[in-house]
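J.: What follows is a structure written as C-alpha cells; I'll ask about it next.
The values are calculated or read from the model by the stated rules, or taken from the named source; none is laboratory data. Computed from a prediction, not measured in an experiment: that's the story for all the values here. Cβ placement follows ideal geometry from the backbone for every residue including glycine, while neighbour counts extend to all protein chains displayed.
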Amino acid sequence: MPKFYCKTCCRIVSYAEADHGKFNNHNWECDSCYSIIAAKRYVVNQKGTTTFFSPGGRALGDNIMFQVIKDQYIKDNPDENVIFWDGHIEPESVLLYRPTKVFWADVTNWVACPAGAHKYKMSVEACIYARAGIYPEWKSFDESVDLPDKYVVISQRNINKAEEKNMKSEDLQRIIKFLPAMSILIVGNDMLFNNVEYGPYCVDYLKKLTLNQIAWVMKNASMVIGVDNGLIHLAAAAGCKNIVSWWYVSDQWFPKTRPEYFDAFLREDSYINSILIAIKKRLEI
Ligand SMILES: [Zn+2]
C-alpha cells in the first residue's frame, strides 16, 4: 500500500491507490487535518451572493461545534447572504436559494450532497478552530436548579444505541466509590445502570433537567466526568473548568475549550486507573 506523511500532523498515512488523486488534491494532508472552511479553501466573501449551509446534524455535540463554524464563516464573509438551513432538507431546498456556494457537512448524512458542494467534516473544522483558541460558547443558562456548594457531575451515557460508546458500568462504580463525600449529580437523557450501586451521594437528575439547566449545573460544578458524548461538549461550552472525559476515537481530536480545563483519553488509553488519577489530580484529593 502506498504511504505519505501528512503535511500537517506528520503521521504516516497508508492509502488505496484509488485515493491518490484525492490526497494529491488535498495537498497531502490526512482526512483528520484537511480543512475546507478554517483553511478557506473556497472563494472568500463574494459580495451580494448567497451561500447555503446544510443542517449541522442532529446530535447535540455537532450542533455545538457548528456554532463556531457559523460564527467564523460570517466573520470571514461579511458581505454574503448566508443561509444556515435547519429545516427539513431535500436537494430542491438548496436550489430554491440559487446559492453561489454550498457547504455540506459530513453529519448531514441523511440526504445526498448536491454536486459541486464543498464537503467538509464538522469535527475537523471545529478541532482546527479549537487549536487556534476559538471555542464554542453556550450562552443560555437556566438557574432554576438548587445546587449544593460543591459537587461533581457525571454524564455516564447508558443508552441502547451504539452501546460501545456507553460508560462501562464497572468504571462508573469505581469512580463513584473513589470520589470523596460530596454530591454527585447524574445528568443526561439516559438511564441508571442496574448493576451499579450509586450510594448516598448520587442525585438522579436523569431526564429531569432541560439543556439550559444542565448547562447551568455543569458551569458551576467542581468537575464534570463522562465518556465522549454531547453533554461533554455542553460542559466545555458552558464554561466548566475541570473536565475528565474518555473514549475519544481520533488522535487528531482536540478539546473545544482551553486544554488546561480538560483531560481527555483516547479509546486505547481509556484505562480506569488513568482516569482516576486525572480525577484525583483535578479535585486535589
Ligand atoms: Zn494529518
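J.: Which count do you get for residues in the stretch 57-72 that are over 30 Å from Ile12 (Cα atoms) and part of a helix (DSSP H, G or I)? Full working, then the answer.
T.: Our first condition is that a residue be over 30 Å from Ile12 (Cα atoms); within the stretch 57-72, this holds for 57-60, 63-64, 67, 70-72.
Applying the additional criterion that residues be part of a helix (DSSP H, G or I) yields 60, 63-64, 67, 70-72.
Looking only at that region, the number is 7.
Per-residue answers, yes or no, for (1) surrounded by fewer than 18 Cβ atoms within 10 Å (Cβ to Cβ); (2) of a type outside the set (Val, Ile, Thr); (3) touching a residue at least 40 places away in the same chain (Cβ under 8 Å):
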| residue | (1), (2), (3) |
| --- | --- |
| Thr108 | no, no, yes |
| His118 | yes, yes, yes |
| Glu125 | no, yes, yes |
| Tyr135 | no, yes, yes |
| Trp138 | no, yes, yes |
| Pro148 | yes, yes, no |
| Val153 | no, no, yes |
| Asn160 | yes, yes, no |
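J.: Which of (1) within 16 Å of the ligand (Cβ to nearest atom); (2) assigned by TED's automatic domain parsing to the domain that holds Cys127; (3) of a type outside the set (Val, Ile, Thr); (4) buried (at least 19 other Cβ atoms within 10 Å of the Cβ) is the odd one out, the single condition Asn77 does not satisfy?
T.: Looking at each condition in turn, Asn77 falls short on (1).
J.: Consider the stretch 275-285. How many of its residues are without any contact (Cβ under 8 Å) to a residue 60 or more places away in the chain and surrounded by 13 or more Cβ atoms within 10 Å (Cβ to Cβ)?
T.: Filtering the stretch 275-285 down to residues without any contact (Cβ under 8 Å) to a residue 60 or more places away in the chain leaves 277-278, 281-282, 284.
In the following step, the residues that additionally are surrounded by 13 or more Cβ atoms within 10 Å (Cβ to Cβ) were identified as 277-278, 282.
Going through the stretch 275-285 one residue at a time, the tally reaches 3.
J.: State yes or no: is Ala181 over 16 Å from Asn158 (Cα atoms) and at pLDDT below 95? Outline the logic, then answer.
T.: Values: over 16 Å from Asn158 (Cα atoms): yes; at pLDDT below 95: yes.
Yes; evaluated as a whole, the condition is true for this residue.
J.: I've got another one for you. Can you tell me which of (1) closer than 20 Å to Leu60 by Cα; (2) assigned to a helix (DSSP H, G or I); (3) among the charged types (D, E, K, R) is the one Lys256 doesn't meet?
T.: Of everything listed in (1) closer than 20 Å to Leu60 by Cα; (2) assigned to a helix (DSSP H, G or I); (3) among the charged types (D, E, K, R), Lys256 misses just condition (2).
J.: Hey, which of the strands (runs of 3 or more DSSP E) in the stretch 80-194, taking only ones fully inside, have at least 1 residues that are in the same structural domain as Tyr248 (by TED's automatic domain parsing) and of a type in the set (Gly, Ala, Ser)? Even if it seems obvious, please write down each step before you answer.
T.: Numbers: elements: 81-84, 101-105, 118-120, 151-155, 183-186.
Per the criteria, 151-155, 183-186.
J.: Among the candidates Val187, Val217, single out the residue that is farther than 30 Å from Glu268 by Cβ and crowded, with 23+ Cβ neighbours inside 10 Å.
T.: Every option except Val217 fails the conditions.
J.: Looking at Phe23 and the list (1) crowded, with 18+ Cβ neighbours inside 10 Å; (2) more than 16 Å from the ligand (Cβ to nearest atom), which single condition is not satisfied?
T.: (2)
J.: Go through the stretch 43-62 and give me each residue that's surrounded by fewer than 19 Cβ atoms within 10 Å (Cβ to Cβ) and of a type outside the set (A, V, I, L, M). Steps first, please.
T.: In the first step, residues of the stretch 43-62 are kept if they are surrounded by fewer than 19 Cβ atoms within 10 Å (Cβ to Cβ); the result is 43-50, 57-60.
Hits for the stretch 43-62 are Asn45, Gln46, Lys47, Gly48, Thr49, Thr50, Gly57, Arg58.
J.: Could you figure out which of (1) part of a loop (DSSP other than H, G, I, E, B); (2) of a type in the set (Asp, Glu); (3) more than 16 Å from the ligand (Cβ to nearest atom) isn't true of Asp251?
T.: Evaluating Asp251 over (1) part of a loop (DSSP other than H, G, I, E, B); (2) of a type in the set (Asp, Glu); (3) more than 16 Å from the ligand (Cβ to nearest atom) leaves (3) as the failure.
J.: Just need a number here: residues in the stretch 26-66 that are more than 19 Å from Ile89 (Cβ to Cβ), without any contact (Cβ under 8 Å) to a residue 60 or more places away in the chain and away from the ligand (no atom under 16 Å from the Cβ).
T.: Residues meeting the conditions: 8.
J.: When the stretch 7-22 is examined, which residues are found to be touching a Cys at 6+ places or on another chain (Cβ under 8 Å) and either modelled with pLDDT of 95 or more or of a type in the set (S, T, N, Q) (or both)?
T.: Listed by number, the list holds a single entry, Thr8.
Conditions (1) outside any helix (DSSP H, G or I); (2) surrounded by 23 or more Cβ atoms within 10 Å (Cβ to Cβ); (3) within 16 Å of the ligand (Cβ to nearest atom), marked per residue:
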position	(1), (2), (3)
Val196	yes, no, no
Val203	yes, no, no
Leu206	yes, no, no
Ala221	yes, yes, no
Ala235	no, yes, no
Lys241	yes, no, no
Trp246	yes, yes, no
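J.: Could I ask something else about it? Restricting to the stretch 208-219, name every residue that is in a loop (DSSP other than H, G, I, E, B) and of a type outside the set (Ser, Thr, Tyr).
T.: Quick first cut of the stretch 208-219, residues in a loop (DSSP other than H, G, I, E, B) only: 208-210.
Residues satisfying the conditions are Lys208, Leu209.
J.: Is it the case that some residue within the stretch 75-84 is in contact (Cβ under 8 Å) with a residue 40 or more places away in the chain and more than 16 Å from the chain's Cα centre (by Cα)?
T.: Initial filter on the stretch 75-84 (in contact (Cβ under 8 Å) with a residue 40 or more places away in the chain): none.
No, every residue in the stretch 75-84 fails to be in contact (Cβ under 8 Å) with a residue 40 or more places away in the chain and more than 16 Å from the chain's Cα centre (by Cα).
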